[in-house]
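Working notes for the structure below.
No lab work stands behind these numbers, since they all come straight from the coordinates. Remember, predicted model here, so these are calculated numbers, not experimental data. Here the Cβ is made from the backbone with ideal geometry for all residues, glycine too, and neighbour counts use every protein chain on show.
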Amino acid sequence: MTEVSVELEVDAPVEAVWEVVSEPRHLHHWERHVAKVRDLPAGPLHAGASYTAVMRFLRVSADVHVRILRWEPPRFAEFRLTGPLEAVVRTTLRPLRGGRTTLRHEVDYAFPLGPIGAIAARSLALVGGAQFALRRGALAQKREIEFRRSVEDQS
């Protein structure tokens, strides 16, 4: 497996960051390969819950099954992804002074052998690689969180 991580500071409290990063319905906002999310549980998310992320790699769609391994709001979540992308994703939030938060994502991943895995790997390489994609996604989360905070502050 290959590991990539990103850590950045967000100008918002932990609860506001968690509200955004813990919502799978928003995945397509930050990860360009996610076309949609389906099969979400009816109630709140929890350890053991699962859903499906429909991902597009170049012109090929594939289901990635997501199972929540650990769910500790508002500080930590861990997910296992299976399908053409095999991964463990960990998100950690740490409060900072002044109502700021450190947001950290860690991803251990591999593309299983086979044609869809090969297409997924090639697609990721075309956008600059996993580290670039993870950083781009985290920065998109930061922008959304800070935008929501600025709108709330104006109200």
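Cβ neighbours within 10 Å, averaged per peptide: list 62-73, 40-51 in order, most packed at the top.
On the way: 62-73: 15.7, 40-51: 12.4.
Ranking the peptides 62-73, 40-51 by packing returns 62-73, 40-51.
About the centre of its Cα atoms, the chain shows a dipole size close to 320 debye [charges on the beta carbon of Lys, Arg (+1) and Asp, Glu (-1) only; nearest 20 debye]. With the charge dipole of the chain set up from +1 on Lys and Arg Cβ and -1 on Asp and Glu Cβ about the Cα centre, the Cα lying farthest toward the positive end among the listed residues I68, A133, T91 is that of A133. Model label sites at T82 and E9, defined 7 Å from Cα along the beta-carbon direction, differ in position by 4.1 nm.
Pair-distance distribution of region 2-154: all C-alpha pairs, bin width 10 Å, starting at 0; shares per bin in whole percent are 11, 41, 35, 12, 1, 0. Dividing the mean sequence gap of close Cα pairs (under 8 Å, 6+ apart) by how many residues the chain holds gives a relative contact order of 28 percent.
When each full DSSP H helix of the chain is screened for a Cα extent of at least 18 Å along its own axis and an average Kyte-Doolittle hydropathy of at least -0.5, none passes.
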